[in-house]
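Working notes, beginning with the structure itself.
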């Protein structure tokens, strides 16, 4: 019989498949190795394929789509309620097969190779920056053990290290002096790699019309613009701006019952790196408004600062930025600031 819907539990080497016909009866249960998996799926008649969104799912989704299949990716947390009894690969595949047919299920947009490449650059940059911070903290701790302290900030560290290494009377032993030199050299190499990644992102940014439109928003720069376009594409998988902000974890958690609404802090669900970019962009704008006062365009933020805590206003500004982004991407429009009187 023809497989109508196929659920696939992805893994590194062993893949579990669960297929049903158009009436929902199970007609396929199969475990395949990686060598046989792709060939088996592409020889099936075109059907609906469901997979959990993970690191390799976008590659397989693009591959199977080329052979006529309709592929949908589901967030893993939405599959879990459909798992019956104990968790096994077979139970996961069956749960995916059932979840993909639900009319109200939310799906992940399939990313192109170009989108995944840009996201890989952002991941690399994040790793390099974390390593640079770790090396700088280790270097500061080593110097502090010998009574030498450096003011906070990467610029102070870069500026003061040469003088510390050249000072022969600061009590540093040759071993420590050599170690500090090696660590400072490694930090400079990391900074150079970060610059190379940012140059690659900037070159892609200049070729993308959507990124140019994103960057017209006051608190959005090259990094945020490239990430949002690579991560969400045209953003049409979100039906409303509020849903997009909720996906980013910028809206309050809700625990309401009995007609009583109870809202907590922001949920912090979704993409933490994206949320980090938006919040820090909003923090920069909020600090500027605090110092210089608001113009017409930022009057909403100024009023919020007068009523709410500073950090609450920052997150609210980030949520507003996310909603503006969704509107521009989904409707293919330009950012239009409020006209001054």
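Side notes on the structure shown:
- Angle between the chain longest axis and helix 310-331 axis [Cα atoms, degrees, rounded to 10]: 50
- The calculated FRET efficiency for residue 67 paired with residue 335, based on their beta-carbon distance and R0 = 30 Å, is about 0.15.
- Diffusion constant of the stretch 147-267 at 10 °C, which comes from Stokes-Einstein with the Kirkwood Cα-pair radius and 1.306 mPa s, µm²/s: 82
- Nitroxide proxy distance, nm - points 7 Å out along Cα→Cβ at residue 182 and residue 56: 3.8
- Annotation for residue 87 and residue 127: the two label points, set 7 Å from Cα along the Cα-Cβ direction, are 2.6 nm apart.
- The stretch 107-169 versus the stretch 35-93: alpha-carbon centroid distance in Å: 39
- Cα gyration tensor shape for the stretch 5-99, rounded if a/c is under 1.5, else prolate or oblate: rounded
- With coordinates expressed along the principal axes, the C-alpha atoms belonging to the chain extend over 84, 62, 46 Å, beginning with the largest.
- Helix 89-99 axis, angle to the chain major axis (alpha carbon atoms, nearest 10°): 80
- Of 244, 37, 146, the one that fluctuates the most in a GNM where the chain has Cα springs shorter than 10 Å: 146
- Extension gain from residue 254 to residue 36, taking 0.36 nm per residue of separation minus the Cα-Cα distance: 73.9 nm
- Sorting the segments 321-332, 299-310 by their residues' average number of neighbouring beta-carbon atoms within 10 angstrom, most packed first, yields 321-332, 299-310.
- Helix 222-232 axis, angle to the chain major axis (alpha carbon atoms, nearest 10°): 10
- Zone of residue 14's modelled label, taken as backbone nitrogen in the stretch 70-92 under 14 Å from a point 7 Å along Cα→Cβ: 88-92
- The chain, relative contact order [Cα under 8 Å, separation at least 6], %: 12
- The stretch 5-99: relative contact order in percent, alpha carbon pairs under 8 Å with at least 6 residues between: 33
- This ranking places 97, 135 by how few other beta-carbon atoms lie within 10 Å of each, fewest first, which gives 135, 97.
- Computed from the Cβ-Cβ distance with R0 of 45 Å, the FRET efficiency linking residue 146 to residue 120 stands at 0.65.
- Here r is the Cβ-Cβ distance between residue 222 and residue 28 and R0 is 51 Å; the resulting FRET efficiency, rounded to 0.05, is 0.60.
- Highest-MSF residue in the chain out of 193, 183, 109 [GNM, Cα springs under 10 Å]: 183
- Approximating the spin labels as points 7 Å out from Cα along Cα→Cβ, the residue 199-to-residue 137 distance works out to 3.0 nm.
- Helix-only arithmetic for the chain: the sum of -39500 (n - 2.57) across DSSP H runs with n ≥ 4, divided by the residue total, places the mean residue ellipticity at 222 nm at -18000 deg cm²/dmol.
- Max mean-square fluctuation residue, GNM over the chain, Cα-Cα springs under 10 Å, options 269, 102, 62: 102
- Value of Rg to Rh for the stretch 220-341 (Rh from inverse mean 1/r over Cα pairs, i.e. Kirkwood): 0.98
- Viscosity 1.002 mPa s, 20 °C: Kirkwood-radius Stokes-Einstein D of the stretch 113-207 over Cα pairs, µm²/s: 143
- Extension gain, residue 169 to residue 212, is 10.1 nm, computed as 0.36 nm per intervening residue step minus the present C-alpha separation.
Just so you know, all these numbers are worked out from the coordinates, no wet-lab data involved. Treat the numbers as computed from the prediction; the structure is a model and nothing was measured. Here Cβ is always computed from backbone atoms with ideal geometry, including for glycine, and neighbour counts include all displayed protein chains.
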